[in-house]
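Here is the structure we will look at.
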DNA sequence: GTCTATACTTGGATAGAC
DNA sequence: GTCTATCCAAGTATAGAC
């Protein structure tokens, strides 16, 4: 599936800069998804955000849905590389929580997870979209799993809490927090949670024998 | 806001059985929300599910959005009373996890949380809907908070993890798990998480001094 | 209260000029 | 590759008969 297209309007969603217009449309799609949600991300709305016209969407992507998926691809790639960078120097659980806090806040500011959440929820509306979206979430789970294994792998907790399962929960929690925060426009409760996690981090570090640097900020 | 209506088509969403048709439409709205998502929950689709016609929706509820909110009200009331019943006999964390597991599975089967998730995500599409949905989530948070305070209130963890914040996280996680499970049609990972929680429950019970009955199933 | 018919709007998608 | 114009399907909402 998702075969690399031959005909116009069915080009692959994963090659980089074929025309500049593609990127323009993808960016506009992301913006529209963030501001108006899946339901508001119509060809007309996206075209307006891109400062062009809707015909281009069908010429370049074949359908609105395909453009939306390309937008999800772009966000996914962008975020995962950002995450990798942020987690490079993470050794302890405390470090992990720090990194995760920063990531969460910037994701929330930029509205990236909104795009993810809207696509997941919107997938219910059109048949077949679900599988495409699910495939694009896989990397997020793998990434979370890596991070967890690196900082908790040694702990006895990894017996009771296998990394893949925890990764699943982390992605779910991340998604849910973003939805709730976005819903009532208040990120306070979510931020508080990260603060609590930060306080508990030394406990986990002690369990796994990792160095537990400074605690209070 | 949400004033009790006087004119036809603006009746209150919280009175019980004025016509039978109202309930029919609300049930159809729930069903449609579950099967086709927010985007697919059009007046036409709902009317068809109800075996009637769309004009009735506007007569009884004034707009599709109002009907959808009434559907959310119905689900919310139904679930919260169900939860109350399930948690009546909960004393220990182990009990709590057992109850939560059962609740989660039946919610997933019945698709109730789908309704919630779709409404939250769909709220981005139409202005003003967000606040209405947020108001209807409040009770879920309060409920979770109560349950947490009852079974963890004594533990030293309640210092590091205040019940309101944990409740927020629980609702977010619940929401995220349902979205992911629904997305790839596999509840396995979510169920596994509950199993892990069950294994860890005695630990928490020990902390708060509650009796920790049997552990293995 | 319920139905049919219809006005009006928006959205996906294509044709064809440039 | 990009634009305008347009077709068609689907949606919200209302009018008016029953």
- [ ] Check off (1) at pLDDT below 90; (2) in contact with a helix residue (DSSP H, G or I) (Cβ under 8 Å, 6 or more places away or on another chain) for residue B:134 and give me the number that stays unchecked.
- [x] (1)
Open item on the list: Conditions first: (1) more than 14 Å from chain A (Cβ to nearest Cβ); (2) in a helix (DSSP H, G or I). Residue B:91 passes all but one, so which condition is the exception?
Closed with: (2)
- [ ] Exactly one condition in (1) farther than 23 Å from residue A:39 by Cβ; (2) without any contact (Cβ under 8 Å) to a residue 24 or more places away in the chain is not met by residue A:83; state its number.
- [x] (2)
- [ ] Just give me the residues in the stretch B:15-58 being within 15 Å of DNA strand C (Cβ to nearest atom), part of a helix (DSSP H, G or I) and surrounded by fewer than 16 Cβ atoms within 10 Å (Cβ to Cβ), in sequence order.
- [x] B:21, B:23, B:27, B:44, B:48, B:55, B:58
Task: Residues satisfying the stated conditions in the stretch B:145-170, i.e. assigned to a helix (DSSP H, G or I) and facing chain A (nearest Cβ under 7 Å) - done: B:160, B:165, B:168, B:169
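Given the options B:185, B:209, name the one that is surrounded by fewer than 19 Cβ atoms within 10 Å (Cβ to Cβ), more than 10 Å from chain A (Cβ to nearest Cβ), on the phi > 0 side of the Ramachandran plot and at pLDDT below 95. Walk me through how you get there before you give the answer.
Details: B:185 fails: more than 10 Å from chain A (Cβ to nearest Cβ).
Exactly one residue qualifies, and that residue is B:209.
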Open item on the list: Can you tell me how many residues within the stretch A:171-190 are in a helix (DSSP H, G or I) and free of Cβ contacts under 8 Å to residues at least 60 places away in the same chain?
Closed with: 8
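Residue B:124 - would you say it is part of a loop (DSSP other than H, G, I, E, B), surrounded by 18 or more Cβ atoms within 10 Å (Cβ to Cβ) and without any contact (Cβ under 8 Å) to a residue 40 or more places away in the chain? Walk me through how you get there before you give the answer.
Working: part of a loop (DSSP other than H, G, I, E, B): yes; surrounded by 18 or more Cβ atoms within 10 Å (Cβ to Cβ): yes; without any contact (Cβ under 8 Å) to a residue 40 or more places away in the chain: yes.
Taking the combined requirement at face value, the residue satisfies it.
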Open item on the list: So, in the stretch A:108-141, how many residues would count as being within 16 Å of residue B:124 (Cβ to Cβ) and more than 9 Å from every other protein chain (Cβ to nearest Cβ)?
Closed with: 8
TODO: Confirm whether residue A:83 is modelled with pLDDT under 95 and more than 14 Å from chain B (Cβ to nearest Cβ).
DONE: yes
TODO: Could you check, for the stretch B:149-170, whether at least one of its residues is touching a residue at least 60 places away in the same chain (Cβ under 8 Å) and within 22 Å of residue A:180 (Cα to Cα)?
DONE: no
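The values are calculated or read from the model by the stated rules, or taken from the named source; none is laboratory data. As the structure is a computational prediction, the values presented were derived from the model and not from experiment. Cβ: placed from backbone, ideal geometry, glycine included. Neighbour counts: every protein chain shown.
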